[in-house]
Every structure is written in structure tokens, then in C-alpha cells.
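The next block holds one structure in the form of C-alpha cells; read it before the comments.
The values are calculated or read from the model by the stated rules, or taken from the named source; none is laboratory data. Bear in mind the structure is a predicted one, so any value in this text is a computation, not a measurement. When we count neighbours, we look across all protein chains shown, and the Cβ atoms used for this are built from the backbone with ideal geometry, even at glycine. Accessible surface is based on the protein model in full, side chains and every heavy atom, while ligands, DNA and RNA are left aside. Shrake-Rupley method; radii C 1.70, N 1.55, O 1.52, S 1.80 Å.
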Amino acid sequence: MKSELKREIITTADGSTTIHLPELNEHYHSKHGAINEAQHVFIESGFNYVLDQKDNKELDILEIGFGTGLNAFITFLKAEKRKQSIHYVGVEAYPVAFAEAILMNYSKALSVQEKESVFEALHESDWEIPVEMTPNFILTKRKQLFADIHDKDAFSLIYFDAFGARVQPELWTVDIFEKMYNALRSDGVLVTYSAKGSVRRAMQHVGFEVERLPGPPGKREMLRATKL
């Protein structure tokens, strides 16, 4: 993905913003609602699901595509409410510049303007080292190609939020999902907005048990995969 592609900030259907790459007709988040998509796919179907399955004193999350920081920000807010300790690892090959990130309206759209400093800190924090955002939320950002991920049995939950297979098919292959499978602990869960048959089959090929779930606004289905 070329970092020099033209970029523009647009407002999605739920009033929250995202970044649009017009040359690719691709968005960082759904044009049908950036926050709605994040809440439905990653929080309700991932974060809440994993915590409701079993009590985790500390939850290790890997995000594939840190991007605007929206998923990390909402996870931070939900973790605060649930008094849940989180170690959050966000992998991003082409980081969003701070000057662009602070133009996102997520604090206002979520009615948590008092947490705007937290959202800014997500982007200002150093890369490659663990940063304590609060005693219960540790963030590690890694500037890394997804093909270079080699974690083993390290996470209980993966947010797979890469650009779509239409524009980056190499991110939705058996090789990549094998890396995701290896990175998860037993019974670990991966959630993604995609419901393509080729994606589901790639997940199943490496050993995931895959569920089709109702999708967020604008999508009929999404996928949740569990490491058996």
C-alpha cells in the first residue's frame, strides 16, 4: 500500500469520520458508519464475546491495522467500564500521521470529549515499546508488515482490520491466517468485517473453526474464527 496515495477525511453514515483513499475507492472504516462497524465487529463480536466466555484477568489483543486508532480507543473505553486489564498490540505498516489523526471526531461522536487526550496519546505514544496509557491499559504499537508477524501463542483476541481483499489480496491469504492462528492461544478468537468465501476457506485451511455472523450496517455478514 503506497503511503503517498491521496487521502481525504469523510463523514460516515453514523456521523463519525474516516479516511478515504479515492484512487483505490477504499476507506479505513465503513462508509456506512465507522463507529457502528467498530462496535459491532470488534467490540460486540470480539471483545465482549471473549470476556463473556471466560474471566480474563488480563486480555491480550492484537490489532491488524492500527490505522486511525478507533478500535483501540473504543476498546480502551469499554475496558474502563468493565475494569478489565488490557495489553493492546497494534500493528501498522503505514502509520497515520498525528496531524491527520487528530482531525478524527471520535471523542465527540462517542460523547466522551473528556477522553480526547487519551485518543491523542494513542497516536503520540512511542512505537516498538509498551506504553502505560493507564495502569490497566498497556499499548504497544509495532510498525511492521503483516507478513513479518511471528508471534506464538501470545494473544486471546485478534482484530483483523486490514484493507479489503479487493485492494490488498495478499493480506487475506492462507499464509497470513497461519500467522494469525499461530499468534493466538488455544481457544483464541479472530474477528473481521470480511465475509468473503475465499477468506473463510483460508481460515479453515489453517485450522480455524469459522462462524458467519450478522454483519454491521452495510454488510450482510462478518466472520469470527476460533483456534481449536
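A few points about this structure:
- Scan of the range 17-29 for residues that are open to solvent by less than 20 Å² (accessible area, probe 1.4 Å) and of a type in the set (S, T, N, Q), ordered by number: THR17, THR18
- Selection within the range 214-228 - farther than 14 Å from PHE160 by Cβ, within 18 Å of the chain's Cα centre (by Cα) and either aliphatic (A, V, I, L, M) or assigned to a helix (DSSP H, G or I) (or both): none
- Of all residues in the range 88-107 being within 16 Å of HIS29 (Cβ to Cβ) and part of a helix (DSSP H, G or I), the one that is most open to solvent (accessible area, probe 1.4 Å): GLU100
- Restricting the range 49-87 to residues that are more than 30 Å from GLN168 (Cβ to Cβ) and in a helix (DSSP H, G or I) leaves a set whose member that is least open to solvent (accessible area, probe 1.4 Å) is LEU51.
- Counting the residues of the range 84-117 that are under 19 Å from LEU62 (Cα atoms) and of a type outside the set (Phe, Trp, Tyr) gives 11.
- Any hit, the range 203-219, residues being among the hydrophobic types (A, V, I, L, M, F, W, C), in contact with a Phe, Trp or Tyr (Cβ under 6 Å, 6 or more places away or on another chain) and within 22 Å of TYR28 (Cβ to Cβ): no
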